[in-house]
Each structure stands twice: as C-alpha cells, then as structure tokens.
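The values are calculated or read from the model by the stated rules, or taken from the named source; none is laboratory data. Predicted model only: the values in this text are computed from it and were never measured. We place every Cβ from the backbone using ideal geometry, glycine too, and count neighbours over all the protein chains shown.
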Amino acid sequence: MSRLHPFDFAFAELATSRFPAIREEAGGASVDLAAMARLPATQQLLRDVTSPDPADPNPLAVAEYMMSLFVAFRYWHAGQHTVPVDKDSLRRAIAHPVSDEPPVSPEACYIELPVQWFWATIGENHPYEPLEGMFVVRNDSDPQLTVVAVLGLRPDRDGFSQITVSATVADMLAAAATRREPPFGPVMDGGREAGFLSVTSEGELLHLTHLALLSATE
C-alpha cells in the first residue's frame with residue numbers, strides 16, 4: 001500500500017481548481033504569505049472553505065488553514081518537490097552537531113520522514129500523533145523559513161493536525177541548542193520500547209527539519 005502524501009490528500013483538487021488563479025493574480029511570482037492572503041482568489045477560497053460568520057469563534061483555525069494553504073501553494077508552484085529521508089542517514093545526522101545552513105531547493109519542498117518514527121502533539125491535552133513530515137518554504141526576499149509539520153495523516157480522517165513555525169535561518173541553526181539528551185528521547189508511555197522518538201518543542205521541530213534537510217543531501 002502506497003503512503004499518503006498530505007498534498008495529494010488535502011490539496012490536489014485545489015491545485016486544479018484554485019491554485020492557477022492564485023498564481024495568475026500573483027503574476028507568476030513566488031508570493032509570500034501576506035501577499036497571498038490579500039489576493040482576491042485566496043480570499044474567495046477562504047470564504048468558501050471556512051465559516052462565513054465574521055464572528056467565527058475560532059479565528060486561529062482560519063489562520064492555521066491559511067498557513068497550510070500557503071505552503072501547499074508554494075510547494076505546488078515550485079514543482080511539488082518531495083524529499084524522502086532515509087532512517088539511517090537521519091540517525092547519523094542526529095548523532096553529529098550541525099553548522100551548515102539548511103538547504104531548501106527549490107524554494108519549497110516536503111520532507112517525508114520515516115513512517116511512525118517521530119511523534120509529537122499539537123498542544124497540551126492533545127494526543128501524540130506520528131509526525132509524517134514537514135512542508136518547508138523559503139522566500140528569496142528574506143531569510144525567513146516557514147515550516148508546517150504534518151501529524152496524524154490517515155485515509156479515514158478529514159485533514160491532519162499541524163504545527164506551524166516561522167523562523168530565520170539563524171534561528172534554525174540556533175535551535176540545535178534545544179536538543180535534549182538523548183536527542184529526541186521518547187516521552188510517551190512505552191515509546192522507548194517501541195523505538196519511537198519525540199519532538200517536544202518548536203525548537204526541536206526546527207532542529208529536526210534542519211537535520212532532515214542535511215541528511216537528504218548525503
């Protein structure tokens with residue numbers, strides 16, 4: 001059975017029906033988040049898929065959807081480049097300190113992590129879920145990186161959980177200081193016995209993204 005890809009699962013239809021109009025309004029450029037949110041085609045899409053009530057009690061959900069829409073559009077615009085990460089290569093990367101800047105080539109990609117190896121939660125009182133991978137977008141005009149981690153992707157579920165982090169390249173390099181010992185040590189009951197690893201903070205997520213990008217270039 002082939003593995004689900006979050007873009008195919010959640011955005012394939014939009015890539016056909018909506019993304020071309022967004023690209024046209026953006027003039028074919030690699031639009032940033034703020035500029036994309038202002039485009040009429042984007043605003044219409046948000047109205048169609050979110051609550052029409054201006055007093056929506058959960059504006060954060062709309063903001064998170066906009067972020068996932070942004071990285072999905074940029075992934076599509078850049079040619080749908082997926083970076084599968086080999087478990088042995090990533091294990092070697094975890095064992096060594098890093099000093100190189102993380103490569104993001106082309107300007108957006110999806111990092112596909114080994115199946116059910118890393119686990120994370122979107123917040124307190126939420127369950128731990130397998131970390132499937134991360135969309136990573138880098139803008140040419142500034143050093144900002146956007147990382148959207150995808151958790152709990154299943155065919156019987158409507159969508160997926162996500163963790164969003166925006167940071168500079170310098171922030172990603174500095175995130176190595178957040179690593180615990182042992183790195184990504186499991187915090188779930190039975191996690192060590194099952195061979196799982198845990199991502200417990202935004203810093204660890206940035207550090208893992210950095211390591212995964214480097215290990216993919218081995």
_With the requirement that a residue be among the small types (Gly, Ala, Ser) and either assigned by TED's automatic domain parsing to the domain that holds PHE11 or without any contact (Cβ under 8 Å) to a residue 12 or more places away in the chain (or both), what does segment 112-151 give you?_
GLY123
*Of the residues GLU181, GLU204, GLU193, which single one is acidic (Asp, Glu) and either touching a helix residue (DSSP H, G or I) at 6+ places or on another chain (Cβ under 6 Å) or surrounded by 17 or more Cβ atoms within 10 Å (Cβ to Cβ) (or both)?*
GLU204
*Could you identify the single residue in VAL165, VAL187 that is among the hydrophobic types (A, V, I, L, M, F, W, C), assigned to a strand (DSSP E or B) and either surrounded by 15 or more Cβ atoms within 10 Å (Cβ to Cβ) or assigned by TED's automatic domain parsing to the domain that holds GLY123 (or both)?*
VAL165
*Which condition number in (1) in contact (Cβ under 8 Å) with a residue 40 or more places away in the chain; (2) surrounded by 14 or more Cβ atoms within 10 Å (Cβ to Cβ); (3) out of contact with any strand residue (DSSP E or B) (no Cβ under 9 Å at 6 or more places or on another chain) is the one that ARG154 fails?*
(2)
_Wholly enclosed helices (runs of 4 or more DSSP H) of segment 3-54 bearing at least 1 residues touching a Gly at 6+ places or on another chain (Cβ under 7 Å) and free of Cβ contacts under 8 Å to residues at least 60 places away in the same chain_ = none
_Restricting to segment 124-137, name every residue that is under 16 Å from the mean Cα position of the chain (by Cα) and either surrounded by 21 or more Cβ atoms within 10 Å (Cβ to Cβ) or on the phi > 0 side of the Ramachandran plot (or both)._
LEU131, GLU132, GLY133, MET134, PHE135, VAL136, VAL137
